[in-house]
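The block underneath contains the structure these notes are about, expressed in C-alpha cells.
FYI, it's all coordinate maths here, none of it is from the lab. Here the structure is a predicted model, which is why all the values come from computation and not from measurement. Glycine also receives a Cβ, built like all others from the backbone with ideal geometry; neighbour counts cover every protein chain displayed.
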Amino acid sequence: MNHPPATGALAGLKVIEICTTIAGPACTRLLADFGADVIKIEPPEGDPVRQMGQHVGDVSLYAASILRNKRSIALDLKTASGRELAFELIARADILVENNRPGVLERLGLGYDALSARNPGLVMVRISGYGQTGPYRDVPAHNLACEALAGTVSVNLGQDGQPAMPHVPVSDFAAASMGLAGVLMALYRREKTGAGDRLDISMHDAALAWLPNVLGPVFVEKRAPVPQHERTWGGGAFYRIYRTADGRGGGSRACYPAGR
C-alpha cells in the first residue's frame, strides 16, 4: 500500500490498527487520508480483503481502497513474540483502532488497562457489532446482521415487497464515521487533560443512529414503520423516484414525473 501523505490535519499522529474487513479499516483509512501515520497489524495470512473482489495484477481493488495510505506489518498475535512487538508499537502510538470480538485483546494481554498503564495518553477505539457490554456483547455480527437488528433491512424492500440486500454497508461505514468523530473529540480532550480514552463503538447503534427521521412509529406508536407510507421511502409525492421524460434519469430531472 502507499505510504501516508506527508501533510494533513492529523500529520504526526501515530495510529496502530488491529482490524479486518471494513468497519475498523474504514475508520483508520479516514485517519490516514488526513495525514496520520497508520500501521496496520495483519495476521500472517494477511487481511482477507486482499483476496476479495477484482484484482489488477496481484492487488485487490477492494484492498487498495480500504487499506490505502497505510503501512502494514504481519504479526502472529497468538505468539508471545508477536504480542510483545504489538505491545511495543502501541506503547509509542497515539491511537489504537481494533474491531475484534469483545474480550479478544484482553485475552492477548492487549486490553485497554494494560496498554494505558504503559501509554496513558493512548486513545483506543473499539468497534464491534453490539458493543463491549450488554446482552448481545458476545453475539457474532457483521454488517448485514447489525442492519437487520437496527431495522434498516426490514424497510429496504424490493418490488416484491420483501427485504432486499442493502446496497451500502451502512453499519460498517456509520461505525467508521462515529469512530473518527470520537477520536477527534478524545484527542481534543487529551490536549486539555493529557489523558487518553477508550471509545466503545457499536455497529448496530451506529446504524440505528442514522434513523432519527423514521423511528416515530416505533417509539410513539409501538409499531414497525410501513415503508410505502413513510415520506423517507416515497410516502410523499415530493420525495419519490420517477421515470424521466427522456428515460435517462440522473440530475434534478429524476425528481419530476414523466411529461413535466
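Here are the numbers:
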item: Alpha carbon centroid spacing (whole Å) that separates region 93-119 from region 14-30; result: 14
item: Region 111-260, relative contact order [Cα under 8 Å, separation at least 6], %; result: 23
item: Residue of 164, 206, 36 that the Gaussian network model of the chain assigns the largest fluctuation, springs spanning Cα pairs under 10 Å; result: 164
item: Pairwise FRET efficiency - residue 55 versus residue 162, Cβ, R0 = 35 Å, nearest 0.05; result: 0.55
item: Size of electric dipole in the chain: Cβ of Lys, Arg +1 and of Asp, Glu -1, about Cα centre, debye, nearest 20; result: 620
item: Between region 175-194 and region 40-64, the Cα center-to-center distance that results, in Å; result: 29
item: Diffusion coefficient, µm² s⁻¹, Stokes-Einstein with Kirkwood Rh over alpha-carbon pairs of region 161-250 at 25 °C and 0.890 mPa s; result: 147
item: Full-stretch length increase - residue 242, residue 79 - with 0.36 nm per residue and alpha-carbon distance subtracted; result: 52.9 nm
item: Kyte-Doolittle mean at least -1.0, axial Cα span of 27 Å or more - DSSP H helices of the chain; result: 170-193
item: Among 248, 68, 240: highest mean-square fluctuation, GNM of the chain, C-alpha pairs under 10 Å; result: 248
item: Extension gain, residue 193 back to residue 72 (0.36 nm per residue minus Cα-Cα distance, nm); result: 40.4 nm
item: Under DSSP loop assignment and at most 15 Cβ neighbours within 10 Å, longest GluC sites (Glu not before Pro)-free interval of the chain; result: 46-220
item: For residue 157, distant residues with modelled amide H under 5 Å away; result: 164
item: Relative contact order [Cα under 8 Å, 6+ residues apart], region 88-137, whole percent; result: 46
item: DSSP bridge orientation in region 14-209 - percent antiparallel, rounded to nearest 5; result: 10
item: Ascending count of other beta-carbon atoms within 10 Å, so fewest first, for 37, 160; result: 160, 37
item: Neighbour-count ranking [beta-carbon atoms within 10 angstrom, fewest first] of 205, 138, 47; result: 138, 205, 47
item: DSSP-defined beta bridges in region 15-117 - what % are antiparallel, rounded to 5; result: 15
item: Residue 14/residue 65 FRET efficiency (R0 35 Å; Cβ-Cβ; nearest 0.05); result: 0.95
item: Top of 220, 59, 97 by mean-square fluctuation, Gaussian network on the chain, Cα under 10 Å; result: 220
item: Among [x] 17.2, 51; [y] 21.3, 70; [z] 18.3, 57, the entry that matches Rg and Dmax of the Cα atoms in Å as calculated here; result: [y]
item: Amide hydrogen neighbours beyond the local backbone of residue 230, cut-off 5 Å, H modeled; result: 235
